[in-house]
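As structure tokens, the structure follows; a few thoughts come after it.
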Amino acid sequence: MNAYVPILVLGALGAGFVVMSLVLASIVGPKRYNRAKLSAYECGVEPTPQPAGGGRFPVKYYLTAMLFIIFDIEIVFLYPWAVHFDALGMFGLAQMAVFVGLIGVAYAYDWRRGGLEWD
């Protein structure tokens, strides 16, 4: 149980900081709200009205998000392999070469299809 005491203390300090920050901000913060402060800020551009259904995002947004997740997961799998590279030997090297090759094929396919173009 003694091993968990520092973790619990750190969690309590973090939670205390969050609660203290929220309470202090509500007490000290300005209370004068006006129309300009309550409106959405879009990099200095006047916000455009949205349709009743909330509008549609371009598919490009979702494709970019999926690409990020795919290549992020690749990096997550590369770290443990790099740490235990010596213990895995040639079998581990061959398996990682296949994995990186498959990711490379997906990358080349997406590049050829224009998924990395920012129009």
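Number of residues in the stretch 31-68 that are at pLDDT below 80 and assigned to a loop (DSSP other than H, G, I, E, B): the value is 18. One residue stands out in the stretch 87-104 among those that are among the aliphatic types (A, V, I, L, M) and closer than 16 Å to D72 by Cα: the one that is farthest from the chain's Cα centre (by Cα), namely M96. Restricting attention to the stretch 106-119, and to residues there that are of a type outside the set (F, W, Y), surrounded by 10 or more Cβ atoms within 10 Å (Cβ to Cβ) and in a helix (DSSP H, G or I), which single residue is modelled with the highest pLDDT? The extreme case among them is A108.
The values are calculated or read from the model by the stated rules, or taken from the named source; none is laboratory data. It should be emphasised that the depicted structure is a prediction, and the values quoted were computed from it without experimental measurement. Note that we place each Cβ from the backbone using ideal geometry, even for glycine, and neighbour counts take in every protein chain shown.
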